[in-house]
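**Q** Have a look at this one before I ask anything.
Bear in mind that the values in this text are calculations on the coordinates, not laboratory data. The shown structure was predicted, so the numbers you read here are calculated from the model rather than taken from an experiment. Using ideal geometry, Cβ is built from the backbone for each residue, glycine included, and neighbour counts are taken over all protein chains shown.
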Amino acid sequence: MQLVTTRPVLAEALLGQRSGLVARLALVVGGVALLWASAKLQVPFYPVPMTLQTLVVLGLGMTVGWRFAGTTVALYLVQGLIGLPVFAGTPEKGIGLAYMMGPTGGFLVGFLAAAMLMGWLAERGWGRNAVSTVGAMLIGNAVIYAFGVAWLGTLVGWDKPVLEWGVYPFLLADLFKVGLAAALLPMAWRVSGWLKDRDQR
């Protein structure tokens, strides 16, 4: 697979040269499906139920690089924009542009920025060990929060408790997902090394 990167990303390491156009399309389609599913699946947590969407958004970037991550998240956002119920709380809380202009709109834009940034970091070697994975995930979450809070404050007014609404309830869940990524991504890199060694025998 000819992804143009500074350093190979995880998808390249796992798939090697065994893939072409079909695998590229599968990466995008599979990523969109994961984003859709992760928005709809709620896991009991404290103080509010969590979705796995930020884990998928950031994990995509760390796995496929900034171009594929950007394409995947952009396609997902376009699906939501045209009215498909792909976002959390849709169609119950609205669909299409009306939903995207609501309180969560900034977080959705943050998904795109964070996924591309994670891909850029992955192309520079981040995500291969627990320390760099934690660092990348924290940066990615901060980007999502920054976009989300900026829009939320603009929409409802900065005199409102925007941090209490848009950040504090989700911090524990996001820290949990950071820890999960720190376990899974380095493990996947070890698997890719094992596959490479096996193929060279």
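**Q** Mind jotting down the distance between the C-alpha centroids of the range 84-140 and the range 145-189, whole Å?
**A** 10 Å
**Q** Follow-up. Treating only the Cα positions of the range 1-99 as identical point scatterers, give the base-10 log of I(q)/I(0) from the Debye formula at each q in 0.13, 0.15, 0.21 Å⁻¹.
**A** Relative scattering, expressed as log10 I(q)/I(0), comes to -0.52, -0.66, -1.03.
**Q** Same structure, new question: Give the total of Lys-Lys pairs in the range 10-196 with Cα-Cα distances below 27 Å; include a pair only if its members are 8 or more places apart or on different chains.
**A** Counting lysine pairs in the range 10-196 gives 4.
**Q** Per residue and in Å³, how big is the convex hull formed by the alpha-carbon atoms of the range 106-201?
**A** Taking only Cα atoms, the range 106-201 has a hull volume of 88 Å³ per residue.
**Q** While we're on this one: By how many degrees, between 0 and 90 and to the nearest 10, does the Cα long axis of helix 130-156 differ from the longest principal axis of the chain?
**A** Once rounded, one gets 30 degrees.
**Q** Something else about it: For Cα pairs less than 8 Å apart in space and 6+ apart in sequence, what is the mean separation divided by the residue count of the range 10-196, i.e. the relative contact order in percent?
**A** Relative contact order, the range 10-196: 25 percent.
**Q** Next question, about the same structure. Which one of Met187, Met137, Met116 has the biggest mean-square fluctuation once the chain is modelled by GNM with Cα springs under 10 Å?
**A** Evaluated over the chain, the most mobile residue of the options is Met187.
**Q** Could you give the size of the charge dipole of the range 10-196 about its Cα centre, using +1 on the Cβ of each K and R and -1 on the Cβ of each D and E, expressed in debye and rounded to the nearest 20?
**A** 560 debye
**Q** Still on this structure: Pairing the Cα long axis of helix 171-200 with the longest principal axis of the chain, what angle in degrees results, from 0 to 90 and rounded to the nearest 10?
**A** Between the helix axis and the principal axis of the chain, the angle is about 20 degrees.
**Q** Picking from Val178, Val78, Val43, which is most flexible by a Gaussian network model of the chain using Cα springs under 10 Å?
**A** Among Val178, Val78, Val43, the largest mean-square fluctuation in the Gaussian network model of the chain belongs to Val43.
**Q** If you don't mind, there's one more thing I want to ask. Under 10 Å, Cα contacts only: if you run a Gaussian network model on the chain, which one of Gly65, Gly89, Gly140 comes out with the highest mean-square fluctuation?
**A** Largest GNM mean-square fluctuation: Gly89.
**Q** Still on this structure: With a cut-off of 8 Å between alpha carbons and a minimum separation of six or more residues, what is the relative contact order of the range 40-121 in percent?
**A** Once normalised by length, the contact order is 41 percent.
**Q** Among Thr54, Val28, Gly80, which residue has its Cα positioned farthest towards the positive end of the charge dipole of the chain, with +1 placed on the Cβ of Lys and Arg, -1 on the Cβ of Asp and Glu, and the dipole taken about the Cα centre?
**A** Positive-end residue among those listed: Val28.
**Q** Next question. Counting every Cα pair in the chain, what percent are over 28 Å apart?
**A** When all Cα pairs of the chain are counted, 26 percent exceed 28 Å.
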